[in-house]
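Chemist: Quick one: this structure, given as structure tokens, is what I'll be asking you about.
What follows draws every value from the coordinates through simple rules; no lab data is involved. The structure presented is a predicted model; accordingly, all values stated were derived computationally and were not measured. All Cβ positions, even for glycine, are placed from backbone atoms using ideal geometry, and neighbour counts span all protein chains on display.
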Amino acid sequence: MEFCSAVGSDQYDAVVRAGRRLLVALDFDGTLAPIVEDPSAAHIHVAAADVLDRLAAEVRAIAVITGRPARQVLALGGLDEVGDAMGEHDRELVVLGQYGNERWTSFERRVITPKPPPGLSGLIRELPRLLREAGVPDAWIEEKGLAVAVHTRRLEDPVAAFDRLLPVLTEAARERRLAVEPGRMVIEIRAGGMDKGRALSSLVSEFEASAVVFVGDDLGDVPAFEAALKVRAAGFPALLVCSGSEEQQTLREMVDLVVDGPDGVMDLLRDLTSSIAAAHA
């Protein structure tokens, strides 16, 4: 592994020493699953089930923190079966969907979700008009229950379409007191008051973790990286990993390690598992 700095190498060694006090949290799209044109086809990496099961035996807990609805991630990732396997190690898998607004665990086996935010249904009705006015009528609208996402990746010039849409949707969301989450050729509008940083911080407290690894690939992951840095500032180890996102230079400038997409994430988790097992043998 080629770390971005000596700090990254030191943090890796420190989280290895933490062993079973370590929380490993991961994004889904672009991290555990590849980015694809059709989000409904973004299935988890073929090796993920085995890799996560082996890692679970060595750490405190594993969590997936995603902007997707929890039920969708469970289906695409087969994470209920992964949770079954982890249960043999008496370890819990947590899935926090919709940026932490939804929760599923392998122990409780049910998705807990709030009501959709006020103003969202009205915005969804207005979206076709807003897209026409922005000159991108063919952008794909994905309704997610507690949020709505507008994708430009399939368009002829996705970057230009994204740039035209972002200010339009930001203003529409502001008028309805909703939050905007720009991502990799996608703009998501959802309830405010929750993000991946708050979700990660709550997990650290819940599991009394004294070390954290967070892996993400998108601007929506920035709050989680910032939360991990707060863990580090409090005197505990935290390793920040970017899953090979050329589109998000911001992430590359704040992380300790960049890996080559989901394949690189699997390699990292294998190395982490082996290193922890050897250190605590």
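Chemist: Using Stokes-Einstein with the Kirkwood hydrodynamic radius over Cα pairs, what translational diffusion coefficient do you get for the stretch 120-190 at 4 °C and a viscosity of 1.567 mPa s, in µm²/s rounded to a whole number?
Modeler: Diffusion coefficient, whole number: 111 µm²/s.
Chemist: Hey, another quick one. Which of the trypsin sites (Lys or Arg not before Pro) across the stretch 177-218 are loop residues per DSSP, with 14 or fewer other Cβ within 10 Å?
Modeler: Listed in order of number, the matching sites are 177.
Chemist: Using modelled amide H (1.01 Å from N, peptide plane; none on Pro or chain starts), what sits under 5 Å from the amide H of residue 102, excluding residues fewer than 5 places away?
Modeler: 97
Chemist: Report, in whole Å, the centroid distance computed from the Cα atoms of the stretch 6-73 and the stretch 222-280.
Modeler: Cα centroid of the stretch 6-73 versus Cα centroid of the stretch 222-280: 10 Å apart.
Chemist: Relative contact order for the stretch 145-244: what is it in percent, counting Cα pairs under 8 Å that are at least 6 residues apart?
Modeler: Dividing the mean separation by the residue count of the stretch 145-244 yields 23 percent.
Chemist: Report, for the chain, the % of DSSP beta bridges that are antiparallel, rounded to 5.
Modeler: Roughly 45 percent of the DSSP beta bridges within the chain come out antiparallel.
Chemist: Moving on. As a check on your grasp of the helix formula, calculate [θ] at 222 nm for the chain: sum -39500 (n - 2.57) over DSSP H runs of n ≥ 4, divide by the residue count, round to the nearest 500.
Modeler: When only DSSP H runs of four or more count, the value is -13000 deg cm²/dmol.
Chemist: How do the peptides 52-58, 41-47 rank, highest first, by the average count of neighbouring beta carbon atoms within 10 Å per residue?
Modeler: Packing proxy ranking, top to bottom: 52-58, 41-47.
Chemist: Quick one: Karplus J couplings for the stretch 264-281, per residue in order, coefficients 6.51, -1.76, 1.60, θ = phi - 60°, nearest Hz, x for Gly and Pro?
Modeler: x, 5, 4, 4, 4, 5, 5, 4, 4, 4, 5, 5, 5, 4, 5, 5, 10, 5
Chemist: Sticking with this structure for a sec: Apply the Karplus parameterisation 6.51 cos²θ - 1.76 cosθ + 1.60, with θ equal to phi minus 60°, to every residue of the stretch 153-164 and state each ³J(HN,Hα) to the nearest whole Hz, in sequence, with x for glycine and proline.
Modeler: Taking θ as phi minus 60°, the curve returns 4, 7, 7, 4, 10, x, 5, 4, 4, 4, 5, 6 Hz for the stretch 153-164.
Chemist: Once you keep just the Cα pairs under 8 angstrom separated by 6 or more residues, what percentage relative contact order results for the stretch 86-200?
Modeler: Value for the stretch 86-200: 24 percent.
Chemist: Still on this structure: Through the Karplus equation 6.51 cos²θ - 1.76 cosθ + 1.60, θ set to phi - 60°, convert the phi angles of the stretch 58-66 into ³J(HN,Hα) values in whole Hz; use x for Gly and Pro.
Modeler: So the J values, rounded to whole Hz, are 10, 10, 6, 6, 10, 9, 10, 10, 9.
Chemist: Something else now. Which shape class applies to the stretch 205-281: rounded if a/c is under 1.5, otherwise prolate when a/b exceeds b/c and oblate if not, where a ≥ b ≥ c are the square roots of the Cα gyration tensor eigenvalues?
Modeler: In terms of gyration-tensor shape, oblate.
Chemist: Relative contact order for the chain using alpha-carbon pairs under 8 Å, separation at least 6, rounded to a whole percent?
Modeler: The value is 23 percent.
Chemist: Same structure again: How many nm is it between the label spots at residue 20 and residue 109, if each spot is 7 Å from the Cα in line with the beta carbon?
Modeler: Those two pseudo-labels are separated by 2.5 nm.
Chemist: Still on this structure: Consider the candidate values (i) 18.6, 62; (ii) 19.6, 63; (iii) 28.7, 91; state which one is Rg and Dmax of the Cα atoms in Å computed from the structure displayed.
Modeler: Label (i) holds the value from this structure.
Chemist: For residue 144, give me every one of the lysines with a C-alpha distance below 25 angstrom, ignoring sequence neighbours fewer than eight places off in its own chain.
Modeler: Candidates past the 8-residue exclusion: 115, 196.
Chemist: Sticking with this one: Report the full-extension gain for the segment residue 154 to residue 252: residue separation times 0.36 nm, less the Cα-Cα distance, to one decimal in nm.
Modeler: Contour length minus Cα-Cα distance gives 32.8 nm.
Chemist: Which order results if 104, 140 are arranged by neighbouring Cβ count within 10 Å, fewest first?
Modeler: In order of increasing Cβ crowding within 10 Å: 140, 104.
Chemist: Sticking with this one: With label points built 7 Å along Cα→Cβ from the Cα atoms of residue 175 and residue 205, find their separation and express it in nm.
Modeler: 3.6 nm
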